[in-house]
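Before any comments, here is the structure.
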Amino acid sequence: MINSSILESPIDYLKGIGPLKGDLLRKELNIHSFEDLLNHFPLRHIDRTQVNFISEINFNTDFIQVKGYIDDWQVLGVGRAKRLVAQLKDKSGDLELVWFQGANWIEKMLERRVEWLVYGKISFFNSKAQMSHPEMEIAADINVEGMPFLEPIYPTTEKLKTRGLNGRQIGKLVYNLLPQINAKDLPENIPQHLVETLRLTPRLKAYCDIHYPPSQEYYQQALRRLKFEELFIAQIRHNLTRVRRNRHSRGIRFESVGQLFNTFYEKYLPFTLTGAQKRVLKEIRQDTARGHQMNRLLQGDVGSGKTIVALLGMLLAADNGYQSCMMAPTEILAQQHFAGLSELLKGLPVEIRILTGSTKAKVRRDILKELEEGLVQLVVGTHAIIEEKVKFKSLGLAIVDEQHRFGVAQRAKLWSKAAIPPHVLVMTATPIPRTLAMTAYGDLDYSIMDELPPGRQPITTIHRTDIHRMKVMEFVRSEIDKGRQVYVIYPLIEESEKLSYEDLMQGYEQVKTYFPEHKYKISMVHGRQPAEQKEENMRRFVNGETEIMVSTTVIEVGVNVPNASVMIIESSEKFGLSQLHQLRGRVGRGSEKSYCVLLTGQKLSNDARERIKIMCATNDGFKIAEKDLELRGPGEIEGTKQSGALNFKLASLINDREILEAAKLYAERLVEDDENMDKAENLPLKNYLLATKGKTAWSKIS
Ligand code: ADP
Ligand code: MG
């Protein structure tokens, strides 16, 4: 922009900073400009007029401000255990202050016979109160005259604390900065009518109030405004991407529903579709008929019947003279899809092939040729399908099964396979929390299948500790005697493939002692087996030749054995929620009553206990996904780690759901109504988007 704003000034230019502190702020907090400092938000506010007595500290005390003298301090321990301990005294008692880092610096700073104002969090060690890494200042140095009574405390680092930039001192910098900023530096970026309807604090005021609020109420309002802004801008960007693609991208048109689709639907479909399946099919049908490319995320719970929807989509493509591919994350799953789809298509004039990493060279050559010549309509496989050598005559639809994220790079590979980009349907492995889907995948259209096929009996899930394993195995035996099949799953130990393997082998031996080989047949599948052996073991279980499947999580996704009715998960405390849900989804696929037994050790962490509890309480994958998000936080949910879309500075996907819903609603309306933002009311927003294009907080991180 031509008229540069004061916000772009280098941080060194701010009163009280200078090159030395400037360097520290850049290195430690990534604060380069006035704007960065303005966007460095306080952790909390303290009432600076509120000073407590040390004797008032009790087990419920959280953050507290006290005043006193320090006459004594000691450096204890050596090496990593080295710490500085000081005794703070006021007339009511004394409090231990502890520093685990920067002891040397702190020691230099400490002075006797002066009164300190000390602020920090109380913790208890051997029932004795202590405050570690407090904010410390000489009381006489503090000039509170005329300052707002709510004082902001900022995130900082140990290094900065010892260089005159502790959480309070940063506040003083901000205090100097705020009066220099005016409305032209922070123009409103939300349309005025929305600011009014939603009673949002105007932008400049919100920035002032979030740092130095006149009251807690003003702070909350400022926070709400800035969270809304953050989410609204992200939603506007998502909607622009989506709407522009939907309106302006060139896409293959599936003109009509034809012979194959209709014949299959009327004569071959082994059941009636659920309402949810029909709805999604209709959405796909509409998407693919418009002449624009489809990019759809299909969220469905485990067992909701996504495969058949995919197949019908592929038949639709075939009816219109286009080929389809279906990608699965594992070889086993690809094999199973191939077998299942081939069975369903028996008798129909559709050619289907499978292509994976282990396809033999000669067979592969033939398949590649058939694909290129258009002799084959459907190909199922792993990512081997999108390798460069694979060429299609007319690829019209790509289905990605059991994966959340289909990366940009992979998309690009797909695009290169056809003159007009094929339609893409991504099917998730387990549901994603709604807030996460809205933010991480907001640029995709998405469908939800929240209905299970009729006749399914809910799976009963129980928790047992190791000492009950004998009883559990007796139960397993009774199920096998009724003709059922059983999974026994061991955790994959991430740090060590070797450990996982040993764990599994031990487990296998143990299972054999309960189920002697002359009477029971056991399959075992794990990551170290050659592909052929894995497949063979899998096949035997699928065909009912073996009654027990002992495995690591390699069978986790997608595998379908309707006769299996018991899922035993060993060391289940080591699994994440979505993984447990996915594993449990391997049973309950037939008409028999199914069970899932979560075995754990005696001692459980709180989080593990919580996970087990929710698993026992519900079978609803959407509920479990919400809980998962709550327990782990958005950064840890599968497939979203690298997605910058989740790096919100203020908004939380767990606590700010309502704000997010509102941001989404209004962003959708706005983009729908005025895609190019030509209306006067949307001009400020347009300018803001243009000015901040490609500029994000994290793009600076080198
Ligand atoms: P997922 O959504 O987990 O991929 P699948 O597509 O593997 O689920 O379907 C699970 C099982 O449900 C399969 O055995 C499938 O044949 C069956 N199924 C799918 N849709 C229906 C339906 N509408 N009615 C009855 N069974 C169905
Ligand atoms: Mg599936």
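The values are calculated or read from the model by the stated rules, or taken from the named source; none is laboratory data. What you are looking at is a predicted structure, and each value in this text was computed from that prediction instead of being measured. Here Cβ is always computed from backbone atoms with ideal geometry, including for glycine, and neighbour counts include all displayed protein chains. Ligands, DNA and RNA are excluded from the accessible area calculation, which covers all protein heavy atoms including side chains. Shrake-Rupley method; radii C 1.70, N 1.55, O 1.52, S 1.80 Å.
Points worth noting:
- Criterion (open to solvent by 40 Å² or more (accessible area, probe 1.4 Å), assigned to a helix (DSSP H, G or I), aliphatic (A, V, I, L, M) and under 30 Å from residue 27 (Cβ atoms)) met by exactly one of 204, 178: 204
- Residue 649 vs. criteria modelled with pLDDT under 95 and either closer than 30 Å to residue 462 by Cβ or within 18 Å of the chain's Cα centre (by Cα) (or both): yes
- Selection from region 424-442 of residues that are out of contact with any strand residue (DSSP E or B) (no Cβ under 8 Å at 6 or more places or on another chain) and either away from ligand 1 (no atom under 16 Å from the Cβ) or of a type in the set (Val, Ile, Thr) (or both): 430, 433, 434, 435, 436, 438, 439, 440, 442
- The set of residues in region 120-141 being out of contact with any helix residue (DSSP H, G or I) (no Cβ under 7 Å at 6 or more places or on another chain) and either among the β-branched types (Val, Ile, Thr) or open to solvent by less than 30 Å² (accessible area, probe 1.4 Å) (or both) consists of 120, 122, 129, 130, 131, 134, 136, 138, 139.
- Some residue of region 293-306 being open to solvent by 40 Å² or more (accessible area, probe 1.4 Å) and either within 16 Å of ligand 2 (Cβ to nearest atom) or in a loop (DSSP other than H, G, I, E, B) (or both): no
- Long-range neighbours under 8 Å by Cβ, at least six apart or interchain, first residue among the basic types (Lys, Arg) within region 27-54, second outside any loop (DSSP other than H, G, I, E, B): 44/63; 44/152; 44/153; 48/65; 48/150; 48/151
- Checking the stated criteria, residue 542 turns out not to satisfy the condition of being within 21 Å of residue 599 (Cβ to Cβ), under 37 Å from the mean Cα position of the chain (by Cα) and among the β-branched types (Val, Ile, Thr).
- All positions within region 587-600 that are touching a residue at least 40 places away in the same chain (Cβ under 8 Å) and in a loop (DSSP other than H, G, I, E, B): 587, 588, 589, 591, 592, 593, 594
- Looking across region 330-358 at every residue that is of a type in the set (Val, Ile, Thr) and away from ligand 1 (no atom under 16 Å from the Cβ), the one that is farthest from residue 315 (Cα to Cα) is identified as 356.
- Pair list, Cβ < 7 Å and 6+ apart or interchain, from region 303-314 residues that are assigned by TED's automatic domain parsing to the domain that holds residue 333 to residues that are near ligand 1 (Cβ under 9 Å from one of its atoms) and β-branched (Val, Ile, Thr): 305/274
- The requirement of being in contact with a strand residue (DSSP E or B) (Cβ under 6 Å, 6 or more places away or on another chain) and under 19 Å from residue 320 (Cα atoms) is fulfilled somewhere in region 358-376, by at least one residue.
- Screening region 571-591 for residues that are crowded, with 24+ Cβ neighbours inside 10 Å and more than 14 Å from ligand 1 (Cβ to nearest atom) and picking the one that is farthest from residue 489 (Cα to Cα) gives 577.
- Region 366-380: number of residues that are at negative phi and either open to solvent by less than 60 Å² (accessible area, probe 1.4 Å) or assigned to a strand (DSSP E or B) (or both): 9
- Residue count for region 587-608 satisfying the condition of being at pLDDT below 90, among the polar types (S, T, N, Q) and touching a strand residue (DSSP E or B) at 6+ places or on another chain (Cβ under 8 Å): 0.
- Looking across region 246-287, the residues that are free of Cβ contacts under 8 Å to residues at least 60 places away in the same chain and in a helix (DSSP H, G or I) come down to 248, 261, 262, 265, 266, 267, 278, 281, 282, 285, 286.
- Some residue of region 423-430 being more than 28 Å from the chain's Cα centre (by Cα) and within 16 Å of ligand 2 (Cβ to nearest atom): no
- Search result, residues across region 266-280 that are more than 16 Å from ligand 2 (Cβ to nearest atom) and touching a helix residue (DSSP H, G or I) at 6+ places or on another chain (Cβ under 7 Å): 268
- Test: residue in region 239-246 that is crowded, with 21+ Cβ neighbours inside 10 Å and modelled with pLDDT under 95: no
- Pairs where the first residue, in region 610-626, is over 13 Å from residue 579 (Cβ atoms) and hydroxyl-bearing (Ser, Thr, Tyr) and the second is surrounded by 17 or more Cβ atoms within 10 Å (Cβ to Cβ) and modelled with pLDDT under 95, C-beta under 9 Å, 6+ apart: 618/624; 618/627
- Within region 343-370, residues that are over 18 Å from residue 393 (Cα atoms) have Cβ atoms under 6 Å from residues that are of a type outside the set (Val, Ile, Thr) in these pairs: 356/331; 356/334; 356/381; 356/384; 357/384; 358/531, counting only partners at least 6 apart in sequence or on another chain.
- Contacts under 7 angstrom Cβ, first residue in region 671-692 being without any contact (Cβ under 8 Å) to a residue 24 or more places away in the chain, partner open to solvent by less than 50 Å² (accessible area, probe 1.4 Å) and part of a loop (DSSP other than H, G, I, E, B), 6 or more apart: 683/677; 686/677
- Residue tally, condition touching a strand residue (DSSP E or B) at 6+ places or on another chain (Cβ under 6 Å), away from ligand 2 (no atom under 16 Å from the Cβ) and open to solvent by 40 Å² or more (accessible area, probe 1.4 Å), over region 507-560: 3
- Residues being at pLDDT 90 or above, within 16 Å of ligand 2 (Cβ to nearest atom) and over 11 Å from residue 486 (Cα atoms) - total across region 561-584: 3
- Residue check, residue 279 on the phi < 0 side of the Ramachandran plot, away from ligand 1 (no atom under 16 Å from the Cβ) and open to solvent by 40 Å² or more (accessible area, probe 1.4 Å): no
- Criterion: in contact with a Lys or Arg (Cβ under 9 Å, 6 or more places away or on another chain) and not basic (Lys, Arg) - qualifying residue of 305, 300, 321: 300
- Residues being surrounded by 15 or more Cβ atoms within 10 Å (Cβ to Cβ), within 16 Å of ligand 1 (Cβ to nearest atom) and farther than 21 Å from residue 340 by Cα - total across region 255-276: 1
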